[in-house]
Each structure stands twice: as structure tokens, then as C-alpha cells.
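Right, one structure below, let's go through it.
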Amino acid sequence: MTGLLRDLALDPTFSSVEEERLHRKQRLAASFRLFGKFGFDEGVAGHITVRDPEHLDRFWVNPFGMNFKHIRVSDLICVDHTGAVVVGDARVNAAAFAIHSQVHAARPDVIAAAHSHSLHGKAWSSLGRRLDPITQDACAFFEDHALFDDFTGVVLDLEEGKRIGEALGRNKAVILRNHGLLTVGHSVDAAAWTFITMERSCQAQLLAQAAGTPVLIDADMARKTYERVGTPVACHVSFRPLWDMITREQPDLFD
Ligand SMILES: [Zn+2]
């Protein structure tokens with residue numbers, strides 16, 4: 001890791017759990033604004049979650065039915081491990097609870113998870129295969145994403161969420177066949193960035209394959225490139241310019 005990356009990746013220190021919670025919620029609200037800006041919304045589908053820093057079996061999530069582009073910090077709701085809304089007066093999306101509760105349970109190291117029905121992610125998911133290392137950016141997913149090779153309808157059942165958590169394994173992302181993408185991270189920043197760049201890598205491979213046969217980066221070079229663009233630190237830091245842009249453009253997200 002270069003000194004520059006290390007400096008940018010330094011986590012802020014928090015003097016209280018309330019301060020850390022607010023930090024996570026601000027990152028979460030900003031991520032929804034970015035997902036909205038990039039057109040990742042599809043009706044009421046899609047959710048990003050962040051684990052509460054105090055109650056580790058609870059997570060913060062978007063209220064059911066609210067447009068990503070409108071979400072403010074004060075709109076976020078907190079859900080416990082039974083699916084009960086413990087903070088906020090909105091409902092939680094049943095699929096959000098079924099998937100994210102199980103992913104957070106399967107991966108105690110994960111702070112945040114992101115899922116939406118973004119166009120190129122769902123188009124790619126229908127092919128039922130992993131991404132190839134066809135670009136420098138796609139190397140971020142080399143040997144670090146999985147395929148959930150099944151589709152059983154809208155995920156409303158905890159058992160289905162559990163199977164998705166198992167398919168994810170130790171990876172930072174999983175392609176849900178005929179559905180879309182799911183990413184995780186050790187910060188909201190990392191989970192959101194990973195989703196955004198994965199969606200673009202799906203688009204790039206769809207474009208390249210439509211035009212011809214892409215040349216693959218060989219495995220050794222893909223692994224080396226991964227160390228620059230795909231590590232948790234790299235994913236965390238890559239979110240920074242987007243955070244700067246969206247918070248300057250839409251400061252009401254802090255409300
Ligand atoms: Zn979905």
C-alpha cells in the first residue's frame with residue numbers, strides 16, 4: 001500500500017458510539033444519493049445497509065418505498081435481527097431484511113452491504129457467470145467475487161438470504177443470477193464503491209463482448225492489479241471523490 005492510500009484510508013477516530021453511528025448514517029445517505037444519481041433505482045427495489053456500531057445485530061437501511069434521491073440521514077431506519085423497526089416509523093423492505101440480515105450474520109467482519117437492480121448488473125447476471133479480467137478496473141473482482149447460481153423468485157425467506165450469504169463466502173461481491181449484484185465492505189464507502197465499479201465492469205464486459213472477443217489479462221497480472229485496485233483499502237479510498245461531489249452538490253442529505 002502506498003503512503004498516499006494509507007493516509008486516505010485512515011479511519012476517523014470517534015469519541016462516542018453516537019458519533020460513529022452518525023458517521024455511518026451520513027455515509028449511507030450519501031450512498032443512496034449516488035445510487036439515485038447513477039440510476040440504480042428500480043421501483044421499490046434496492047437497499048444498502050450498515051451495521052449499528054453499538055448493537056451489532058441491528059442495521060440501518062432505507063425506508064420502504066422512498067426514492068434513493070430523496071433519502072436524508074433522518075429518513076434512515078434501524079432494524080433488529082427479528083426484522084422489527086427499532087428506530088424510525090417507516091416499514092422495511094421484506095427482501096432487504098431477508099437478504100441483508102443473513103449477509104450481516106454470515107460475515108461479522110462486514111460493516112455494510114449494497115444491492116440494487118442496476119441495469120448492467122442485472123443484464124450480466126442473466127448470463128450466470130463471473131466477470132473476466134478484461135480491464136484494469138475489472139481486476140478489482142479477480143478471484144474476489146462469487147456467483148449465486150440460482151433464482152427462486154423474490155427473496156422474502158430467511159433461508160434464501162442464508163444461501164446468498166453462503167454463496168458470497170469470503171468474497172466482496174456476489175452476482176445473483178437473473179437478479180443483480182450484491183456487494184459488501186468493511187465500510188459503507190467500500191461497499192458502495194464496490195457496487196458502483198462492479199456495475200460499470202458489467203457494462204464494460206457487455207459492451208466488449210457485443211463488439212468482439214475481449215483479450216483477457218493473464219492471471220498473474222490480474223492478481224497484481226487487484227492489489228492496487230481491489231483491496232478493501234483501495235475500495236474504501238475510491239469512494240472519496242464521489243463523497244466529495246455528492247455532499248457538495250446535495251448537502252440536504254445531512255438533514
Ligand atoms: Zn433484489
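The values are calculated or read from the model by the stated rules, or taken from the named source; none is laboratory data. As the structure is a computational prediction, the values presented were derived from the model and not from experiment. Positions of Cβ are backbone-derived with ideal geometry, glycine not excepted, and every protein chain shown enters the neighbour counts. These area figures cover heavy atoms from the full protein model, side chains too; ligands, DNA and RNA do not enter into them. Shrake-Rupley method; radii C 1.70, N 1.55, O 1.52, S 1.80 Å.
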For this session: Between Ala210, Ala167, Ala114, find the one with the highest GNM mean-square fluctuation for the chain; connect C-alpha pairs within less than 10 Å.
Result: Ala210
For this session: Would you please report the Å³ per residue occupied by the convex hull of the alpha carbon atoms in region 16-172?
Result: 121
Exercise. Dipole magnitude of region 40-126 about its Cα centre, charges +1 at Lys/Arg Cβ and -1 at Asp/Glu Cβ only, in debye to the nearest 20?
Worked result: 220
Seminar exercise, completed: Under 11 Å by backbone N from the virtual spin label 7 Å along Cα-to-Cβ at Ala123, the residues of region 188-219 are 202-211
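Given charges of +1 on the Cβ of Lys and Arg and -1 on the Cβ of Asp and Glu, with all other atoms neutral, how large is the dipole of the chain about its Cα centre, in debye to the nearest 20? Please list the in-between numbers first.
Details: 27 positive and 33 negative charges, 81 e Å.
Here the size comes out at about 400 debye.
Considering only the other residues whose Cβ falls under 11 Å of the Cβ of Asp149, what net charge follows from Lys and Arg at +1 and Asp and Glu at -1? Kindly include the intermediate steps, with their values, before the conclusion.
Numbers: positive: Arg129, Arg130, Arg163, Arg177; negative: Asp150.
Net charge in that neighbourhood comes out at +3.
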Exercise. Mind checking the dipole of region 94-208: about its Cα centre, +1 per Lys or Arg Cβ, -1 per Asp or Glu Cβ, Debye to the nearest 20?
Worked result: 100
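Would you please name the GluC sites (Glu not before Pro) within region 129-191 that are DSSP coil residues with at most 13 other C-beta atoms within 10 Å of their C-beta?
Details: sites: Glu143, Glu159, Glu160, Glu166; in loops: Glu143.
Hits after loop and neighbour filter: Glu143.
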Problem set entry | Which of His81, His145 is most accessible, then next, and so on - probe 1.4 Å | His81, His145
Problem set entry | Order by protection proxy (mean Cβ within 10 Å, highest first), peptides 101-110, 236-245, 197-206, 26-35 | 26-35, 197-206, 101-110, 236-245
Exercise. List the aspartates and glutamates whose alpha-carbon lies under 19 Å from that of Lys162, not counting same-chain residues fewer than 8 positions away?
Worked result: Asp57, Asp80, Asp109, Asp149, Asp150
Exercise. Which one of Phe14, Phe195, Phe151 has the biggest mean-square fluctuation once the chain is modelled by GNM with Cα springs under 10 Å?
Worked result: Phe14
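Need the full-extension length gain, Glu19 to Asn171, defined as separation in residues times 0.36 nm minus the C-alpha distance. One decimal, nm. List each step's numbers first, then the result.
Working: separation 152, 0.36 × 152 = 54.72 nm, distance 2.92 nm.
Residue separation times 0.36 nm, minus the Cα-Cα distance, leaves 51.8 nm.
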Seminar exercise, completed: Taking R0 as 35 Å and r as the Cβ-Cβ distance between Lys224 and Asp89, the FRET efficiency 1/(1 + (r/R0)^6), rounded to the nearest 0.05, comes to 0.10
Exercise. Taking amide H positions as placed 1.01 Å from N in the peptide plane, with prolines and chain starts having none, which residues 5 or more places from Phe148, or on another chain, fall under 5 Å of its amide H?
Worked result: Ile175, Leu176, Arg177
Exercise. Short version: ³J(HN,Hα) in whole Hz for each residue of region 207-212, in order, from phi by Karplus 6.51 cos²θ - 1.76 cosθ + 1.60 (θ = phi - 60°), x for Gly and Pro, what are they?
Worked result: 5, 5, 5, 5, 8, x
Problem set entry | Among Leu207, Leu158, Ala173 the positive-end extreme of the charge dipole of the chain (Cβ point charges) | Leu207
